1. Can you tell me which of A:260-271, B:71-82 comes out highest on packing, and rank the rest after it, using the mean Cβ neighbours within 10 Å?
2. Going by how many other beta carbons lie within 10 Å of each one, how would you line up B:32, A:65, A:302, A:76, fewest first?
3. Give me the inter-chain shielding for B:25-31: mean count of other chain Cβ atoms within 10 Å, whole number please.
4. What relative contact order, as a whole-number percentage, does region A:340-422 give when Cα pairs under 8 Å and 6 or more residues apart are counted?
5. Gain in length, residue A:365 to residue A:389, computed as 0.36 nm per residue apart minus the alpha-carbon separation, to one decimal in nm?
6. Please compute, for peptide B:138-150, the average count of beta-carbon atoms on other protein chains lying within 10 Å of each residue's beta-carbon.
7. Sorting check: for B:58-67, A:238-247, which peptide has the highest mean count of neighbouring beta carbons within 10 Å, and how do the rest follow?
8. Arranged by the count of other C-beta atoms within 10 angstrom, fewest first, what order do B:33, B:26, A:23, A:42 take?
């Protein structure tokens, strides 16, 4: 190798973009030629400078391994038929895709041909007997017959809202969601103290327990086999109880004739999960407001986190910590951006509850759940409002504590006593 | 690559320790990659968690078509872009930090000269598009990163990566030469 060739390939040599043979020849020349060596060192320095433009200092990184392992369902793989089947299908997708496409094309051509010949045949028949049965349409095959609405499989005691017959609402648990039109007559709901389970309604009743579509279960009672993630929210709180939304882990026999229908519904579950809402039931049948889990006396214990700009000084925060807040049917404490807001008491407050997702917080508050110490994927926001002034924004956490927001900071509230019923 | 495939297979059989090994092996590199995009350490840590949790739940879809590390980088890239899009943050190169790294090995007098070029350096970095930056980030993560790996992560052809890379290199050299000439006057 000569110096000209070395100079020409130097950039590729530094970027390790040469064949093994060319690379070795360059290295050999480098050992022998001093001028090329100094050129190489000069270019290498420039190369490192260029790459360092985008480099970052990660020396203080602490491993996130524990958090990651805590965030996964360790039983996800290994025992589930569905996951294995899914893995097998995906792995062999290319192998079977060509066969599948060919088969579909042949079936489509057959159906099209049959339809086409039927139509010709039908036209010929009409042409042959123009005066007979002319009140009937010429081609009955083309008339869309409206499907007969199947009877709903929803149990009789399931409360269904009149304005949307597909909305399922369980006021006892405080949960509602809306089924898809295409699901009519194809599902069965089982309700229990611990939650709601929705099954695919198979013509074979013995398959029921194996045809789980999704379930919403109280977290503490959730069996690990129901923890497949099937959509968002993954978990939420209703009436102070944490629920986990889980999916099927298999069991429905793929060889069974309704398996395709089951899979179709299984794919649509995420669209139903999206509609999950926490139902607030401000009044019971007797017209009285029911007790809420957050009713009681609370103490502000600490600042959990603060946004970049706030209105409270360190001294203000010290004054705030230890203050009591009360929430009941008759009255509620206030909290806001200044210390004076605390002195306002709201009479007969309105509690507006909304389920807020992690994404909502990131977008609107520019803050992650982790910073607020929230483990669930969603949290219940309670807007306490009065008729004129006062009120506050609370967030009910899964561990029974609450957050109250004011002046750019999130403060932790701990319950000190429940208010006794009079 | 074979070792990674073994680990993936073991995870799919239910061996969580193999997933632990995957985290241990790639966590730091993924963090550096994410951090170089989002420029915020806490956010980068959160994204690293999200990446590995997604990897775990989507592991059964890994087809072996790409190198496992490239698949990981692809997921990390998507997650970082999602974050940037959601937060509508224009993440720009932190030129102060980059300059610190770039001048670590320079002598004090050279360092002073280099300081003067800081503004020009900013202008140079502004001339690079997103793909150019990604190429530099990925090439800088590991000196053994090949162009084919970068092409897989960025889902563009290897020839595009190479031509872009050599164009950046040429541009950078002419920029440096211009600076050096100016210093000599």
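Any read-out appearing in this document is the output of simple, stated calculations on the displayed coordinates, not a laboratory observation. A quick note: this is a predicted structure, and the numbers were derived from the prediction, not measured. Because the Cβ atoms are built from the backbone with ideal geometry, glycine has one as well, and the counts that use them run over all protein chains shown.
1. Values: A:260-271: 15.8, B:71-82: 19.7.
Packing order, densest peptide first, comes out as B:71-82, A:260-271.
2. Details: B:32 20, A:65 16, A:302 12, A:76 23.
If I rank by nearby Cβ atoms, fewest first, I get A:302, A:65, B:32, A:76.
3. On the way: counts 0, 0, 5, 3, 1, 1, 6.
Average neighbour count from other chains, rounded to a whole number: 2.
4. Contact order relative to length: 25 percent.
5. Details: separation 24, 0.36 × 24 = 8.64 nm, distance 2.34 nm.
Separation in residues times 0.36 nm, less the Cα-Cα distance, equals 6.3 nm.
6. Details: counts 2, 6, 8, 4, 0, 6, 1, 2, 3, 3, 0, 0, 0.
Rounded to a whole number, the mean comes out at 3.
7. Values: B:58-67: 15.3, A:238-247: 22.1.
Output ranking for B:58-67, A:238-247: A:238-247, B:58-67.
8. Numbers: B:33 27, B:26 21, A:23 15, A:42 11.
So the ranking, lowest neighbour count to highest, is A:42, A:23, B:26, B:33.
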